[in-house]
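The structure appears below as structure tokens.
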Amino acid sequence: MMMIPDNPYLLLTPGPLSTSPGVREALLRDWCTWDRDYNQIVQRIRARLVDLATRQTGQYTSVLMQGSGSASVEAVLGSVIPESGRLLVLANGAYGKRIAQMARVLRLNHEVIDFGETGPVDLDQVSTRLKSAGAQTESAFSHVALVHCETTTGMLNDIAAVGRLVHKAGATYIVDAMSSFGGIPMDIAELEIDFLISSANKCIQGVPGFGFVIGRRDVLASCAGRARSLSLDLYDQWQCMEQNEGKWRFTSPTHVVRAFDQALFELEQEGGIAARYGRYVENHRILVEGMRALGFETLLPDALQSPFITTFYNPESEHYRFEEFYQKLKADGFVIYPGKISQADCFRIGNIGHVFPADIERLISAVERNRYWL
Ligand SMILES: *Cc1c(COP(=O)(O)O)cnc(C)c1O
């Protein structure tokens, strides 16, 4: 029997996350890629992802793509938007801005509405912009992109309400659900999402190495020859996986794929997405109540907050240094995360991954012990 070493600390970050011993054990063997055993695992993963995303499984397919999550976002933008297309990016944080940056690099015809780092998507503004652009066909938006959980702050965007507006405008809807998919129930057919993107190392609780796209079959089928990159050609990757029943075009991250298969099995054992969501909500409740009791304040109001990652203001004390707080918590077994927004002085704590309510209770005790600035 192989020994799985204990982790020195829990990762309370937006990913990579702490993973289970079972997932880490799957990494300890080398696997061949060229026979049916492996390809069947890939096919099983692809089918499970579609099952997790919707009840309308016939309408959707999934494609796995090498690289970190951003590579899959870029694969979608670069492969599905035609040269004549026009993309509207709805941004309220670093990941929305990253989509805009990809659009610039890919030289896509696009426009960005930025709601600010703490501003929710303004539905009236989106509706007005879609309508006014749609009035002249030249400037009509063919695609709209939005981040579900903006990991920068932890804000959960209203993908359902935006989906209705996008659908009304007749555009294709792209959702970066990187840090939410697998951790919150959703049906992408009901949400009218055409392409959803996530990655191995977030709420499914695998390790980093590939991302995946769950997309409408009929829409993806119309994307042949559009890609602006060979490696990130989503259509070609899809065709290769379909025609060769689970084969990747180029070297696939075999260990990561095996670990992901195990992670999907463990998600099922936990009771599926609804049960995992329940655990995350409970983790989050204990976190926020505990931190508030110790005098910390959250950046966002509860109504905008996701149950995945939370931004807290740094304490207003001249003796406080984030670095020192961070090191003390790390020594006690918890890795937290610096803030990522410019408007406020803050830090973040994630509560997804192989992390349980008892862990969050231990964290709160560690925070209480380590308030050296008091
Ligand atoms: C993690 C994450 C990504 C992808 O980041 P990578 O570093 O490329 O894996 C994209 N969008 C959101 C919202 C994320 O949380």
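The values are calculated or read from the model by the stated rules, or taken from the named source; none is laboratory data. All values derive from a computational prediction rather than experimental measurement. We place every Cβ from the backbone using ideal geometry, glycine too, and count neighbours over all the protein chains shown. Heavy atoms of the whole protein, side chains included, go into the accessibility calculation; ligands, DNA and RNA do not. Shrake-Rupley method; radii C 1.70, N 1.55, O 1.52, S 1.80 Å.
Of the residues in the range 72-87, not one is farther than 20 Å from Leu234 by Cα and open to solvent by 10 Å² or more (accessible area, probe 1.4 Å). In this structure, Leu300 does not qualify as open to solvent by less than 70 Å² (accessible area, probe 1.4 Å), in the same structural domain as Arg362 (by the TED database), farther than 30 Å from Leu232 by Cα and in a helix (DSSP H, G or I).
The condition of being surrounded by fewer than 21 Cβ atoms within 10 Å (Cβ to Cβ) and not in a helix (DSSP H, G or I) holds for Ser229.
Checking Leu64, Leu90 one by one, the residue that is away from the ligand (no atom under 11 Å from the Cβ) and either within 20 Å of Pro14 (Cβ to Cβ) or in contact with a Leu (Cβ under 6 Å, 6 or more places away or on another chain) (or both) is Leu90 and no other. The residues listed here are Gln56, Gln101; of these, the one that is in the same structural domain as Glu190 (by the TED database), open to solvent by 10 Å² or more (accessible area, probe 1.4 Å) and in contact (Cβ under 8 Å) with a residue 40 or more places away in the chain is Gln56.
For the range 108-135, a residue qualifies if it is among the charged types (D, E, K, R), without any contact (Cβ under 8 Å) to a residue 24 or more places away in the chain and more than 16 Å from the ligand (Cβ to nearest atom), and the qualifying residues are Asp122, Asp124. For the condition within 16 Å of the ligand (Cβ to nearest atom) and open to solvent by 10 Å² or more (accessible area, probe 1.4 Å), Lys202 qualifies. Taken residue by residue, the range 214-237 has at least one member that is over 20 Å from Cys32 (Cα atoms), modelled with pLDDT of 95 or more and within 14 Å of the chain's Cα centre (by Cα).
Here Asn39, Asn7 are screened, and the one residue that is open to solvent by 10 Å² or more (accessible area, probe 1.4 Å) and not assigned by the TED database to the domain that holds Thr254 is Asn7. Looking across the range 62-120, the residues that are out of contact with any Phe, Trp or Tyr (no Cβ under 8 Å at 6 or more places or on another chain) and among the charged types (D, E, K, R) come down to Glu74, Glu83, Lys97, Arg98, Arg104, Arg107, Asp114, Glu117.
Considering only residues of the range 125-171 that are among the basic types (Lys, Arg) and over 24 Å from Leu300 (Cβ atoms), which is least open to solvent (accessible area, probe 1.4 Å)? So, considering only residues that are among the basic types (Lys, Arg) and over 24 Å from Leu300 (Cβ atoms), the one least open to solvent (accessible area, probe 1.4 Å) is Arg129.
When the range 205-226 is filtered for residues that are open to solvent by 10 Å² or more (accessible area, probe 1.4 Å), in contact with a helix residue (DSSP H, G or I) (Cβ under 8 Å, 6 or more places away or on another chain) and away from the ligand (no atom under 16 Å from the Cβ), the ones remaining, listed by number, are Arg216, Arg217, Asp218, Val219, Ala224, Gly225, Arg226.
If you go through the range 142-191 and pick out every residue that is within 12 Å of the ligand (Cβ to nearest atom) and assigned to a loop (DSSP other than H, G, I, E, B), you end up with 11.
If only residues of the range 310-353 that are out of contact with any Leu (no Cβ under 9 Å at 6 or more places or on another chain) and in a strand (DSSP E or B) are counted, the one that is least open to solvent (accessible area, probe 1.4 Å) is Phe347.
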